[in-house]
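So the structure is just underneath, and the comments pick up after that.
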Amino acid sequence: MRTVYWDNGVVKLIDQRVLPHELVLLGFDDYRAVAQAIADMVVRGAPAIGATAAYGLALAARQSAATDRAGLLCDLDAAAATLLAARPTAVNLRWALERLQAVAADERLDDPDDLRAALLAAAERLADEDVAVNRRMGAYGAELIGDGMTVLHHCNTGALATVDYGTALGVIRTAHEQGKRFTVLVDETRPRLQGARLTAWELQQLGVDFYLIADNAAGHFLRRGGVGLVLVGADRIAANGDVANKIGTYKLAVVARENGVPVYSVAPTSTVDLRLAHGDDIPIEERDAREVTEIGGVPIAPAGTRVKNPAFDVTPQRYVTGIITECGIVYPPFEVNLRRIISEGVSG
Ligand code: MRU
């Protein structure tokens with residue numbers, strides 16, 4: 001089952017807020033509700049929210065009562081702005097919307113119904129490509145996983161974070177499908193526990209050997225030896241290779257470097273934002289305080305506690321060993337090689 005798909009005029013999403021205890025599918029027939037679902041993290045993970053936004057824009061075209069091209073384009077602009085505002089850090093959201101808007105810009109699509117059909121076809125294509133791209137990253141990355149290795153993983157980067165298959169977890173999945181025997185240490189990933197709730201659930205279903213660890217235990221395992229590889233995803237990668245990813249990635253990468261453990265970020269080229277020279281300009285989402293003061297709706301801090309809750313951090317490129325993309329593994333100098341794979345489709 002895909003994390004996000006189109007079903008006869010309805011955008012369907014697996015509700016990731018209730019996993020692993022319940023597997024619930026929600027349907028949306030209003031693009032504003034799709035934007036709210038992205039903001040509320042019904043769907044999350046950079047590639048998954050990109051595909052959801054694409055379907056959301058196709059839905060907006062269907063909802064629009066416009067009878068001419070100009071009117072429809074005007075409604076689409078408003079819808080794209082609403083969808084774009086849902087979450088700020090993952091650039092895949094903007095990338096997906098811009099890709100559909102480029103389709104809409106084709107003046108030959110004069111009939112609004114042709115334009116609606118073209119947008120839906122573009123969203124379906126984008127979703128299909130996401131799965132294919134993940135499989136390619138899986139094939140490149142699996143080379144790095146050796147028999148007997150222990151791999152440390154942060155957040156959730158699996159089928160749930162994408163349309164299907166996964167990025168960093170897709171690498172783990174490919175290595176497992178190749179018959180390699182290895183163990184994964186799964187960071188629980190406070191505050192929203194994507195590791196404990198989602199990654200553990202996915203790995204269990206795949207039959208991959210894993211242990212769930214508290215985020216604070218990662219340094220212990222990295223220092224003690226035995227961890228061969230740290231694999232993470234990315235929400236936005238700047239032109240110089242700085243990686244914005246789930247909060248805690250930076251700390252993990254620094255400790256990994258201190259202990260000589262390589263750190264790879266696994267991300268499609270749609271996650272690379274060449275418009276930003278470095279990671280300091282990546283917007284970092286600040287989320288609700290209750291994500292920190294409560295666990296599962298149960299308060300754990302004194303009432304009135306003030307909270308800072310950045311959902312992402314930026315790992316400077318010097319801590320990143322390589323970036324696994326669908327075009328190959330990119331190594332430093334990232335400022336040269338990322339630009340090259342994006343323009344040529346080959347790694348440096
Ligand atoms: O806040 P989330 O759950 O959307 O954050 C997701 C992550 O940080 C993932 O690691 C990243 O999007 C890569 S997922 C393929």
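Which is the longest stretch in the chain that no exposed loop site breaks, taking sites as GluC sites (Glu not before Pro) with a DSSP loop state and at most 11 other Cβ atoms within 10 Å? Let's see the in-between values first.
Values: sites that count: 22, 107.
It runs 108-348.
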For the stretch 56-102, fraction of C-alpha pairs farther apart than 16 Å, in %: 34 percent
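Would you please calculate the Kirkwood hydrodynamic radius of the stretch 281-348 over all C-alpha pairs and express it in Å, rounded to one decimal? Could the numbers behind the result be given before it?
Details: mean 1/r = 0.0658 Å⁻¹.
It is 15.2 Å.
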Taking the stretch 191-348 and dividing mean pair separation by its residue count, relative contact order in percent (alpha carbons under 8 Å, at least six apart): 25 percent
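What does DSSP give for the stretch 99-231 in terms of the percent of beta bridges that are antiparallel, rounded to the nearest 5?
Details: 1 of 14 bridges.
Of the beta bridges lying entirely in the stretch 99-231, close to 5 percent run antiparallel.
Do you know the relative contact order of the chain, to the nearest whole percent, from alpha carbon pairs under 8 angstrom that are 6+ apart? Provide the component values of the computation, followed by the final result.
Working: 734 pairs, mean separation 52.8, N = 348.
Here the relative contact order equals 15 percent.
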Cα point-scatterer Debye curve for the chain, base-10 log of I(q)/I(0) at q = 0.13 Å⁻¹: -0.97
Taking all pairs of distinct alpha-carbon atoms in the stretch 83-144, Kirkwood radius in angstrom: 13.5 Å
P(r) of the stretch 197-348 over all Cα-Cα pairs, binned every 5 Å from zero, in whole percent: 2, 9, 15, 17, 17, 16, 13, 7, 2, 1, 0
Relative contact order of the stretch 24-140, defined on C-alpha pairs under 8 angstrom at six or more residues apart (%): 31 percent
Degrees separating the helix 46-63 axis from the principal Cα axis of the chain, which is the longest one: 10 degrees
Rounded tilt (10° steps) of 334-344 against the dominant C-alpha axis of the chain: 40 degrees
Expected 222 nm ellipticity per residue - DSSP helices of 4 or more, -39500 (n - 2.57), all of the chain, to 500: -12000 deg cm²/dmol
Kirkwood Rh, angstrom, the stretch 133-268 [1 / mean 1/r, Cα pairs]: 14.4 Å
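Can you tell me how the stretch 137-178 classifies by the Cα gyration tensor, rounded, prolate or oblate, using a/c under 1.5 as the rounded cut? Mind showing how you got there, number by number?
Details: a/c = 2.38, a/b = 1.50, b/c = 1.59.
Oblate, because a/c is 1.5 or more while a/b does not exceed b/c.
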Cross-link partners of residue 251 among lysines (Cα-Cα below 26 Å; sequence separation of 8 or more within a chain): 308
Using alpha-carbon coordinates, inclination of helix 249-258 to the longest axis of the chain, degrees: 30 degrees
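Beyond 17 Å, what share of the Cα-Cα pairs of the stretch 1-72 remains, rounded to the nearest whole percent?
Working: 1041 of 2556 pairs.
Cα-Cα pairs in the stretch 1-72 separated by more than 17 Å: 41 percent.
Provide the percentage of antiparallel DSSP beta bridges, counting only those with both residues in the chain; round to the nearest 5.
Working: 21 of 42 bridges.
Given both bridge residues lie in the chain, the antiparallel proportion sits at roughly 50 percent.
Where a number appears in this text, it was derived from the coordinates with a stated rule and is not lab data. Predicted model only: the values in this text are computed from it and were never measured. Don't worry about glycine lacking a Cβ; one is built from the backbone with ideal geometry, like all the others, and counts go over all protein chains shown.
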